[in-house]
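Here the structure comes first, spelled out in structure tokens, and everything after it is commentary.
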Amino acid sequence: MRFLLWLIMGIMVLIIGCTSNLKVTYYSDPPGAVFYENGKKFGYTPVTLKYQISKENKRLGYVVLRGAQVCWASGALASLGQLKAYLNAGKNQQFTFVRPRNIPGWEIDVQFARELGKMR
């Protein structure tokens, strides 16, 4: 019985040790924009997502992240077609979407960020 327990624990350690994830935290400036990836809504920034690192990613040295977008309370949008997360920068990375200044409603978004901060 004890041997079986040690065997199961050893297998779990191997499985956990073999899985490799990249964590990316998405921020927005100002904070509190709604984050979407590939059309799926994840909530207000900051949002942290995990991505599987494949053998091909390790060979290339980066993971390609696609289809991310944020929308602020004013309706201002920022998006990226793709982002390369270079693995030599570590497995915990961050990206900040900066609100376009030429779109009206900056004050609305700053006020929303303050209110969201109070609720958190």
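Could you list, in sequence order, all residues of segment 24-50 that are hydrophobic (A, V, I, L, M, F, W, C) and more than 18 Å from residue 82 (Cβ to Cβ)?
Matches in segment 24-50: 33, 34.
Could you please find all residues in segment 41-79 being touching a Gly at 6+ places or on another chain (Cβ under 9 Å) and either part of a loop (DSSP other than H, G, I, E, B) or exposed (fewer than 15 other Cβ atoms within 10 Å of the Cβ) (or both)?
45, 66, 67, 72, 73, 74, 75, 76, 79
Here's the yes/no breakdown for (1) touching a Leu at 6+ places or on another chain (Cβ under 9 Å); (2) modelled with pLDDT under 95:
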position: 19; (1), (2): no, yes
position: 24; (1), (2): yes, no
position: 31; (1), (2): yes, no
position: 36; (1), (2): no, no
position: 45; (1), (2): no, no
position: 49; (1), (2): yes, no
position: 60; (1), (2): yes, no
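The values are calculated or read from the model by the stated rules, or taken from the named source; none is laboratory data. Keep in mind the model is a prediction, meaning the values are calculated, not measured. FYI the Cβ positions are ideal-geometry reconstructions off the backbone, even for glycines, and counts take in every protein chain you see.
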